[in-house]
Amino acid sequence: MKKTTYKTLIKKTFDEVCSLENNGDKASYIPELVKIDSNKFGVHITTVKSVKFGIGNYQEKFSIQSISKVFSLTLAYKILGEKLWNRVGVEPSGTAFNSLIQLEKDNGKPRNPFINSGAIVIADVLLSNLENPKEDLLDFIRNLSKNQDIQYNAKIAASEKSVSFRNIALCNLIKSLGNIENKPSDVLDFYFDICSLEATCEQLSELFIFLANNGSAMHNNSSIITKSQSKRINALMQTCGFYDESGEFAFKVGLPGKSGVGGGIIAIHPNKYAISVWSPKLNLKGNSYKGMLFLENFTTATTQSIF
Ligand code: GLU
């Protein structure tokens, strides 16, 4: 698709969604996230042909929350290879992202790396394998698109920690079942840091373009992960990226993606583009209300999806 076509369709879809009622609620369980202006709305696309286009609040930083789970998974997969799947599964959970029930039945092996329990195990893998986990993960992310501006937000991490009773329970349960190697408090602190990462829509679509480019960075063509690993991460995003609404996202949008409770969504069209959307109000399943609508209308307008 031509540069002008993406630009025209994004503008048209953005205007359509802007004119609709802004339904839903912000994530209220993390106090800092409630302070965000509900009317923020931004979109940015980066294509494998180096087309870049943004609209709305696409240059404003927001809390990417669970979108960051794709970065920590990518680094853990790069380090452990297929052995990673002994620690965490690859099935949709069919339960809430912070559910404890399934974990006990599954003997401490989380269903997938994108529910909280799975991301906590991934944080543990990184703690065991990196010299300076917090700095090394940040360097890894920054180098995906040569963007030194990506940062953790200590205030958001502390805000989440102050109310994180379920995540503490999850980590302790997994530890008791033998699937956490490090001290639970260290694993959780690192997990909260990972969730506190901030980026703009523009930065996100640039950081994620490697998943549309068979695992290779665009700015220097270096291989970040193999083509097969990139396929598998996209597959996990397709089947598990939207909490208990992943089927709905596949059905309506038809692209792999990942959302976060900060109201951000990244979606990948392999071999074509990475597109990010941010609108803080969430639907009942915890996904950005307008973000979902925008992407549904956008892939309908382009008539392109992976299916
Ligand atoms: N930090 C959030 C939590 O653990 C992440 C939730 C999300 O974005 O899915 O509850």
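The values are calculated or read from the model by the stated rules, or taken from the named source; none is laboratory data. Here the structure is a predicted model, which is why all the values come from computation and not from measurement. No Cβ is skipped: glycine too gets one built from the backbone with ideal geometry, and neighbour counts run over all protein chains shown. With ligands, DNA and RNA removed, areas are computed over all heavy atoms of the protein, side chains included. Shrake-Rupley method; radii C 1.70, N 1.55, O 1.52, S 1.80 Å.
Hey, any hits in segment 159-167 for a residue that's hydroxyl-bearing (Ser, Thr, Tyr) and crowded, with 18+ Cβ neighbours inside 10 Å? Yes, the conditions are met somewhere in segment 159-167. Say whether the condition of being within 16 Å of the ligand (Cβ to nearest atom) and in contact (Cβ under 8 Å) with a residue 60 or more places away in the chain is met by at least one residue in segment 297-306. No, segment 297-306 has no match at all.
Of a type in the set (S, T, N, Q) and part of a strand (DSSP E or B) - does that describe any residue in segment 223-246? The answer is yes, given that some residue of segment 223-246 is of a type in the set (S, T, N, Q) and part of a strand (DSSP E or B).
Okay, residues lined up against (1) more than 14 Å from the chain's Cα centre (by Cα); (2) within 16 Å of the ligand (Cβ to nearest atom); (3) buried (at least 23 other Cβ atoms within 10 Å of the Cβ):
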| site | (1), (2), (3) |
| --- | --- |
| ILE209 | no, no, yes |
| ASN220 | yes, no, no |
| SER223 | yes, no, no |
| LYS227 | yes, no, no |
| ASP244 | yes, yes, no |
| PHE251 | yes, no, no |
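If a residue has to be open to solvent by 10 Å² or more (accessible area, probe 1.4 Å), touching a helix residue (DSSP H, G or I) at 6+ places or on another chain (Cβ under 8 Å) and closer than 17 Å to ASN57 by Cβ to count, how many in segment 283-307 make the cut? Qualifying residue count for the region: 2. When you look at VAL90, is it closer than 12 Å to CYS240 by Cα, modelled with pLDDT of 95 or more, surrounded by fewer than 21 Cβ atoms within 10 Å (Cβ to Cβ) and of a type outside the set (S, T, N, Q), yes or no? Taking the combined requirement at face value, the residue satisfies it. Taking GLY108, is it of a type outside the set (D, E, K, R), closer than 23 Å to ASN234 by Cα and either under 17 Å from the mean Cα position of the chain (by Cα) or assigned to a loop (DSSP other than H, G, I, E, B) (or both)? Against the criterion (of a type outside the set (D, E, K, R), closer than 23 Å to ASN234 by Cα and either under 17 Å from the mean Cα position of the chain (by Cα) or assigned to a loop (DSSP other than H, G, I, E, B) (or both)), GLY108 does not qualify. Within segment 152-207, the set of residues being assigned to a helix (DSSP H, G or I), closer than 26 Å to LEU103 by Cα and in contact with a Cys (Cβ under 8 Å, 6 or more places away or on another chain) comprises ALA157, GLU160, PRO184, VAL187, LEU188, TYR191. Pairing each residue of segment 241-253 that is within 14 Å of HIS269 (Cβ to Cβ) with any residue that is among the acidic types (Asp, Glu) and surrounded by fewer than 19 Cβ atoms within 10 Å (Cβ to Cβ), provided the two are 6+ apart or on different chains, yields C-beta distances under 7 Å for VAL253/GLU296.
Go through the residues of segment 29-37 one by one and say whether even a single one is more than 16 Å from the ligand (Cβ to nearest atom), over 20 Å from the mean Cα position of the chain (by Cα) and closer than 30 Å to ASN271 by Cβ. Taking every residue of segment 29-37 in turn, none turns out to be more than 16 Å from the ligand (Cβ to nearest atom), over 20 Å from the mean Cα position of the chain (by Cα) and closer than 30 Å to ASN271 by Cβ. State which residue is farthest from the ligand (Cβ to nearest atom) when the search covers only segment 160-186 and only residues that are aliphatic (A, V, I, L, M) and within 22 Å of LYS105 (Cα to Cα). Among them, the one singled out is LEU177.
When you scan segment 56-75, do you find a residue that is among the hydrophobic types (A, V, I, L, M, F, W, C) and free of Cβ contacts under 8 Å to residues at least 60 places away in the same chain, even just one? Checked against the condition, which is being among the hydrophobic types (A, V, I, L, M, F, W, C) and free of Cβ contacts under 8 Å to residues at least 60 places away in the same chain, segment 56-75 yields no hits at all. Considering only residues in segment 59-80 that are hydroxyl-bearing (Ser, Thr, Tyr) and under 14 Å from ALA123 (Cα atoms), the one that is surrounded by the most Cβ atoms within 10 Å (Cβ to Cβ) turns out to be SER68. Among residues of segment 253-266 being more than 10 Å from MET292 (Cα to Cα) and of a type in the set (A, V, I, L, M, F, W, C), the one that is farthest from the chain's Cα centre (by Cα) is LEU255. A single entry from ILE55, ILE36, ILE67 fulfils the requirement of being assigned to a strand (DSSP E or B) and either within 23 Å of GLU202 (Cβ to Cβ) or in contact with a Phe, Trp or Tyr (Cβ under 6 Å, 6 or more places away or on another chain) (or both): ILE55.
Of the residues in segment 128-151, at least one is charged (D, E, K, R), at negative phi, in a loop (DSSP other than H, G, I, E, B) and surrounded by fewer than 22 Cβ atoms within 10 Å (Cβ to Cβ). The conditions of being surrounded by fewer than 18 Cβ atoms within 10 Å (Cβ to Cβ), among the charged types (D, E, K, R) and at pLDDT below 95 are met by LYS105. Among the residues here, PRO270 does not qualify as within 14 Å of the ligand (Cβ to nearest atom) and either open to solvent by 40 Å² or more (accessible area, probe 1.4 Å) or farther than 20 Å from SER93 by Cβ (or both).
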